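See structure below.
Nothing in this text is a laboratory measurement; each read-out follows from the coordinates by a stated rule. Note that the structure is a prediction, hence the values are computed from the model and not measured. Every residue, glycine as well, gets a Cβ built from its backbone with ideal geometry; the counts of neighbours run over all protein chains shown.
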Ligand SMILES: *Cc1c(COP(=O)(O)O)cnc(C)c1O
């Protein structure tokens, strides 16, 4: 148990150092990059160890799994849904999470908005973009992005903060760079065109193997699982 906590603490320390170095390389302030510790497939002991080592944002990719953990973790951290959100899980997601990174269609946004209204709750969201349509990835295609941004931006109980991407897996993280660059361009274009009234600032991009490249390209949130918690048994 001790050993696990020490290991996670060391991992978090190293990830934060890598974040800082990547930010400085890009002439950015490391403090503007939020670290989301993705705890999917890990239990309460791992999560508590991460919190004890300074983690304040946790990410999960399945509503059902999150529901088994979140109520058991002390308040004071925020929980982000980073995985694909199924329609029949919208209500529970509205109850459980503080932010959702993976809005990828109008119908899910509408459902979420309705459930949040019933809870008198406002939630920050990101729209997930799919720039690799040949892959079976989730996300809204680029051609439909502006319309979805506009509609979500108008919803009473959702606060749209920016965009998220999960590029196809490349063994060389450099190969993800064009996706990160493109996402940043899309965010800038939405802002330039004033599609929503307040500026969109967040870019959720970068995982354990490519977060440094993502930070060089403007990531404001990185979603890191393996590099913090270790390999998952899948
Ligand atoms: C699992 C997951 C991550 C973290 O992946 P690692 O490679 O373990 O860092 C990030 N984002 C999403 C959407 C995920 O499902």
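For (1) within 25 Å of residue 67 (Cβ to Cβ); (2) more than 18 Å from the chain's Cα centre (by Cα); (3) buried (at least 22 other Cβ atoms within 10 Å of the Cβ), each residue gets a yes or a no:
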residue	(1), (2), (3)
98	yes, no, no
105	yes, no, no
121	yes, yes, no
127	yes, no, yes
133	no, yes, no
Original post:
Can you tell me which residue in region 194-234 is nearest to the chain's Cα centre (by Cα), limited to those that are over 20 Å from residue 128 (Cβ atoms), away from the ligand (no atom under 13 Å from the Cβ) and touching a residue at least 12 places away in the same chain (Cβ under 8 Å)?
Top reply: 216
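For residues that are assigned to a helix (DSSP H, G or I) and in contact with a strand residue (DSSP E or B) (Cβ under 8 Å, 6 or more places away or on another chain), scanning just region 1-37, find the one that is farthest from residue 222 (Cα to Cα).
Within region 1-37, the match that is farthest from residue 222 (Cα to Cα) is 12.
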**OP:** Exactly one condition in (1) surrounded by 14 or more Cβ atoms within 10 Å (Cβ to Cβ); (2) more than 23 Å from residue 106 (Cβ to Cβ) is not met by residue 233; state its number.
**Re:** (1)
Original post:
List the pairs whose first member sits in region 90-106 and is touching a residue at least 12 places away in the same chain (Cβ under 8 Å) and under 11 Å from residue 63 (Cα atoms), whose second member is within 13 Å of the ligand (Cβ to nearest atom) and in a loop (DSSP other than H, G, I, E, B), and whose Cβ atoms are under 6 Å apart, counting only residues at least 6 apart or on separate chains?
Top reply: 93/85
**OP:** For region 38-80, name all the residues that are in a loop (DSSP other than H, G, I, E, B), in contact with a helix residue (DSSP H, G or I) (Cβ under 6 Å, 6 or more places away or on another chain) and within 16 Å of the ligand (Cβ to nearest atom).
**Re:** 39, 42
